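Peer 1: I have a structure here, written as C-alpha cells, and I will follow up with some questions on it.
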Amino acid sequence: MDEHDYRVGILGATGAVGQTFIRLLDDHPWFTVTSVAASERSAGRPYREAANWLSGQPIPPSVASLEVQSTEPEAMDCDVVFSALDSSVAGEIEEAFARAGVPVVSNAKNYRQHDRVPLLIPEVNPGHLALIDEQSWGDGGFIVTNPNCSTTGLICGLHPLMDAFDLEAVQVTMLQALSGAGYPGVPSLDAVGNVIPHIGGEEEKLATEPRKILGTLDGDRIEPAALTLSAQCTRVPVRNGHLACASVRFRDDIEAEAVADALRTFRAPAVTESLPSRPDPFVQVLDAPDAPQPQRHVEAGGGMTVSVGRVQDCPVNDVKFVLLSHNTVRGAAGGALLNAELLASEGYLDRARADAATEPAAG
Ligand SMILES: NC(=O)C1=CN([C@@H]2O[C@H](COP(=O)(O)OP(=O)(O)OC[C@H]3O[C@@H](n4cnc5c(N)ncnc54)[C@H](OP(=O)(O)O)[C@@H]3O)[C@@H](O)[C@H]2O)C=CC1
Ligand SMILES: N[C@@H](CC(=O)OP(=O)(O)O)C(=O)O
C-alpha cells in the first residue's frame, strides 16, 4: 500500500468539472474514486447513464458502474470529497460534509472569501493551509478552495514577479474559453464568430481573489496583498484555455528581460516537490513571436503548466505579456487535485481520517 491511500467522493460528478476530476483521478497513485454524487435527477442511476460524458476517452470502468448517490454525507463512503457542485447548492452541501467530519476540496466559489478557508495554489501560498486549524465545523472536517480559473492562471504568472520585485499594479484583459461556462454553456449563436465582453461576477473575482491568495498569513487571518488589479473579462470562441493580455507596473525600475528571467528561474516551494500532479515547469516562457496560443500550448504539462510569451517593455505600464492557462485543468479540477495532494502530503487527510475514526459523525 502507498504511504498515501484515500477513498475519494466526487460531488457534482456528472457535470463538466466533475468529469474532469474523474479523468484526472484515473490511476492516481494516492486517490481512488469510490463514490460519485449529483442531483436527484441523477441519483440512483449508474454513472455511465447519468453522465453526459464529454471526453473522447472512455469513462474509467471502475467509475462507470458506480451508482450515483445523493449529496449527503451518509450516502458517501470516502475519506475526502472533491466538490464540483453548482454554486447555487455548493455552500449548503459542502458545509454539511465539513460538519460530518469530511475534508472538502472545493472548486466552487462559495467559501473562497471565508476568513478561515484557504484559497489555495500549492506553489504560491502553501502556508495558508494553517487556516484549517482555525476552522470549527466540528468533528475534524474542513474546507479548502481553489481560485476562479482566470485568477489561477494570472496568479501563476504574478507570483514569481512578486517574489522577485515590488509589484504595484496589474491591468489585464481576459479572453476566456467556452468551457469555462460549463456544458452546454453559451448558446452557439452567441458564441460562434463573436466576442462577448461580459462574464457575470468574473471581474469582481479577479479584483478580490488575488489579494487574498498573495496575502500574508497573520495569526488566524490573511492580510490582503497591497496590489491594484483591474480586469476586463471577455468570452471568446475557443474550446479550452484562458488567455490573459496583461501589463504590470513595479515600484522599482524593472524591464522585460528581468521579468522573463524571473518567470524562467522561479522554483516552487519544496513542499510541492513530491506531489504527483505538480507540473514542471510551473511556468514556461515561450520565445516564439506568436506564442502562446490555446490550440498549441494549452496542454503543456498535462494542462497544469502555465505558458507566458510576448514579454515586452510597455510605454504605459512597465512590462506587458500574454499568459495562457488551462481553465478546466490548472484552473479547476487539476488545481483542486493538487490542493488535495498537498493536504495528503502535509498530513491533513490522515488527521481527519483519525478524527473520523474516533468521533461519531454528526447527524
Ligand atoms: N475554478 C474555476 O474557475 C471553475 C469552477 N467551476 C465551478 O465548478 C462547479 C461545477 O461547474 P460545471 O461542472 O461547469 O457545472 P455543471 O452544470 O456541468 O455541473 C454541475 C453539477 O452539480 C450537480 N448539481 C446541480 N444541482 C444540484 C443539486 N440541487 N443538488 C446536488 N447536485 C446538484 C449537477 O448534477 P446533475 O447532473 O444531476 O444535474 C452536476 O453534477 C461550479 O461551481 C462552477 O462555478 C467551473 C469551471 C471552472
Ligand atoms: N466563470 C469562469 C468559470 C467559473 O465557473 O468560475 P468560478 O469557479 O469562479 O465560479 C469562466 O467563465 O470561465
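What follows draws every value from the coordinates through simple rules; no lab data is involved. Just so it is clear, the model here is predicted, and its values are computed rather than measured. Cβ coordinates were reconstructed from backbone atoms using ideal geometry, including for glycine residues, and neighbour counts include every protein chain displayed.
Peer 1: Would region 214-337 count as rounded, prolate or oblate if I go by the C-alpha gyration tensor, calling it rounded below 1.5 in a/c and otherwise prolate when a/b exceeds b/c, oblate otherwise? Don't skip to the answer; put the middle values down first.
Peer 2: Values: a/c = 1.38, a/b = 1.01, b/c = 1.36.
Taking the square roots of the gyration eigenvalues as a ≥ b ≥ c, region 214-337 is rounded.
Peer 1: Continuing with this model, one more query. May I ask for the distance between the Cα centers of region 287-311 and region 129-168, given as a whole number of Å?
Peer 2: Cα centroid of region 287-311 versus Cα centroid of region 129-168: 23 Å apart.
Peer 1: Relative contact order of region 149-326, please, whole-number percent, based on alpha carbon pairs below 8 angstrom and at least 6 residues apart.
Peer 2: 28
Peer 1: Assigning unit charges at the beta carbon (Lys, Arg +1; Asp, Glu -1) and nothing else, what dipole magnitude in debye, to the nearest 20, does region 149-326 show about its Cα centre?
Peer 2: 580
Peer 1: Here's a follow-up. Considering only DSSP beta bridges where both residues belong to region 149-326, give the percentage that are antiparallel (nearest 5). Please report the intermediate quantities before stating the final value.
Peer 2: Numbers: 24 of 35 bridges.
Antiparallel: roughly 70 percent of the beta bridges in region 149-326.
Peer 1: Any idea what the relative contact order of the chain is, in percent, if you count C-alpha pairs under 8 Å spaced at least 6 apart?
Peer 2: Worked out over the chain, it gives 18 percent.
Peer 1: With label points built 7 Å along Cα→Cβ from the Cα atoms of Asp5 and Ala226, find their separation and express it in nm.
Peer 2: Computed distance between label sites Asp5 and Ala226 equals 5.1 nm.
Peer 1: Mind checking which aspartates and glutamates have their C-alpha under 19 Å from Lys205, skipping anything on the same chain fewer than 8 residues away?
Peer 2: Filter leaves Asp86, Asp115, Glu168, Glu223.
Peer 1: Moving on. Tally the DSSP beta bridges in the chain and give the antiparallel ones as a percent, rounded to 5.
Peer 2: Among the beta bridges of the chain, antiparallel pairing accounts for roughly 45 percent.
Peer 1: On a C-alpha basis, how far is the centre of region 183-257 from the centre of region 82-122 in Å? Whole number, if you could?
Peer 2: 21
Peer 1: Can you give me the angle between helix 348-358 and the longest principal axis of the chain, using Cα atoms only, in degrees from 0 to 90, rounded to the nearest 10?
Peer 2: For helix 348-358, the angle is close to 20 degrees.
Peer 1: Need the full-extension length gain, Glu95 to Glu49, defined as separation in residues times 0.36 nm minus the C-alpha distance. One decimal, nm.
Peer 2: 13.7 nm
Peer 1: While we're looking at this one, here's another question. About the Cα centre of the chain, what is the dipole size in debye to 20, counting +1 per Lys and Arg Cβ and -1 per Asp and Glu Cβ, all else neutral?
Peer 2: 1060
Peer 1: Here is a follow-up. By the gyration tensor of its Cα atoms, with a ≥ b ≥ c the square roots of the eigenvalues, what is the shape of region 102-196: rounded for a/c under 1.5, prolate for a/b over b/c, or oblate?
Peer 2: It comes out oblate by the Cα gyration axes.
Peer 1: Now, a different point. Net charge near Ala177, counting Lys/Arg +1 and Asp/Glu -1 over other residues with Cβ under 15 Å of its Cβ?
Peer 2: On the way: positive: Arg235, Arg239, Arg296, Arg330; negative: Asp190, Glu202, Glu299.
Charge balance near Ala177 sits at +1.
Peer 1: A further question follows. Could you compute the net charge surrounding Thr145? Neighbours are other residues with a C-beta less than 11 Å from the C-beta of Thr145; K and R count +1, D and E count -1.
Peer 2: For residues surrounding Thr145, the net value is +1.
Peer 1: Is region 109-258 best put as rounded, prolate or oblate by its Cα gyration tensor, with a ≥ b ≥ c the root eigenvalues, rounded for a/c under 1.5, and otherwise prolate when a/b is larger than b/c, oblate when not? Don't jump to the answer; show the numbers that get you there.
Peer 2: Values: a/c = 2.57, a/b = 1.23, b/c = 2.09.
The shape class here is oblate.
Peer 1: Another question, if that's okay. Positive end of the charge dipole of the chain (Lys, Arg +1 and Asp, Glu -1 on Cβ, about the Cα centre): tell me which of Val238, His128, Gln312 has its Cα farthest that way.
Peer 2: The listed residue farthest towards the positive side: Val238.
Peer 1: Using alpha carbons only, how many degrees (0 to 90, rounded to 10) separate the axis of helix 16-25 from the longest principal axis of the chain?
Peer 2: It works out to around 80 degrees.
Peer 1: So what's the net charge close to Ser345: Lys and Arg +1, Asp and Glu -1, counting the other residues with Cβ under 11 Å from its Cβ?
Peer 2: Here the count lands on -4.
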